Amino acid sequence: GIYILANKERFGGQIKKILYAVFKTERANNLLSDIRFIDKTFGGFLSGKILDSFIIGVICFVCLQFIGTPYPVLISVIVGFTNIIPFFGPFIGAIPSIILILMVNPIQSLYFAIFVFALQQFDGNILGPKILGDKTGLSSFWVIFAITLFGGYWGFVGMVIGVPIFAVIYHLVQELIMKGLKRTGYIPTSEEADISKLN
């Protein structure tokens, strides 16, 4: 992996030459455009989500220290780590944490449940959108669908990488549809053009 990263420009140039040697110029340009989109989608989503989860973990630790919750480091790591999974991650992290705190201090588990709910509202409505923006271009329905589908096949890893994988597949299918429409000469109305977008 280190050797590949150290020589990525060289490998990129070689792949580009191979594409232009094997395919016609237009086809090679399209393939390079798709590769750039895949890199942007995966890189942007994963790096943004890791940064978002790290910030949530730090905020969680500081607040748990303030309210006196037991095991603040362990709980913060669980909450931050599971936050990488969109939508379901906060619940996956909160449930075992609440059970753990409940065994030590039932009142603190109630405080923690309220705090985690508030924290995830902050993350979902303010912090997450600021960091991630619209990295995938998928609507909420397709995000949940991707997490469910890939999580069912690949477990935790599928839940993490399922959204960018599905975003790439969706983008490629959308491009094929638009090319087909151009080939047949069909011109979508402005309303249909809006519907053809990912949202």
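Laid out as a table, the results:
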{"item": "Count of Lys pairs (Cα-Cα under 15 Å; at least 8 positions apart or interchain) in the chain", "result": "9"}
{"item": "Highest to lowest packing among 28-34, 93-99, scored as the average C-beta count within 10 Å", "result": "93-99, 28-34"}
{"item": "Taking only Cα atoms of the stretch 146-189, radius of gyration then Dmax in Å", "result": "14.9, 44"}
{"item": "Most to least packed among 126-132, 112-118 [average Cβ atoms within 10 Å]", "result": "112-118, 126-132"}
{"item": "Size-normalised alpha-carbon gyration radius of the stretch 62-146, reference 2.2 N^0.38 Å", "result": "1.18"}
{"item": "Electrostatic dipole magnitude of the stretch 5-45 [Cβ: Lys, Arg +1; Asp, Glu -1; Cα centre; debye, to 20]", "result": "120 debye"}
{"item": "Cα-centre dipole for the stretch 1-140 with unit charges at Cβ (Lys and Arg positive, Asp and Glu negative), debye to 20", "result": "640 debye"}
{"item": "Lys182-Leu51 FRET efficiency (beta carbon distance; Förster radius 45 Å; 0.05 resolution)", "result": "0.70"}
{"item": "Packing-based order for 7-14, 139-146, using average beta carbon neighbours within 10 Å, highest first", "result": "139-146, 7-14"}
{"item": "Distance between modelled label sites at Thr148 and Arg27, nm, 7 Å Cα→Cβ extension", "result": "3.8 nm"}
{"item": "Net length gained if the chain between Phe66 and Ser139 were fully extended (0.36 nm per residue, minus Cα distance)", "result": "22.6 nm"}
{"item": "Rg(Cα) / (2.2 N^0.38 Å) computed for the chain, rounded to two decimals", "result": "1.31"}
{"item": "0 to 90° range, to nearest 10: angle between helix 89-104 axis and the chain longest Cα axis", "result": "10 degrees"}
{"item": "Volume in Å³ per residue [convex hull over Cα atoms, computed for the stretch 1-67]", "result": "86 Å³"}
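Rule-based calculations on the coordinates, nothing more; no lab input. This one's a predicted model, so the numbers in the text were calculated from it and none came from an experiment. Ideal geometry is used to build each Cβ from the backbone, glycine not excepted, and the neighbour counts take in all protein chains shown.
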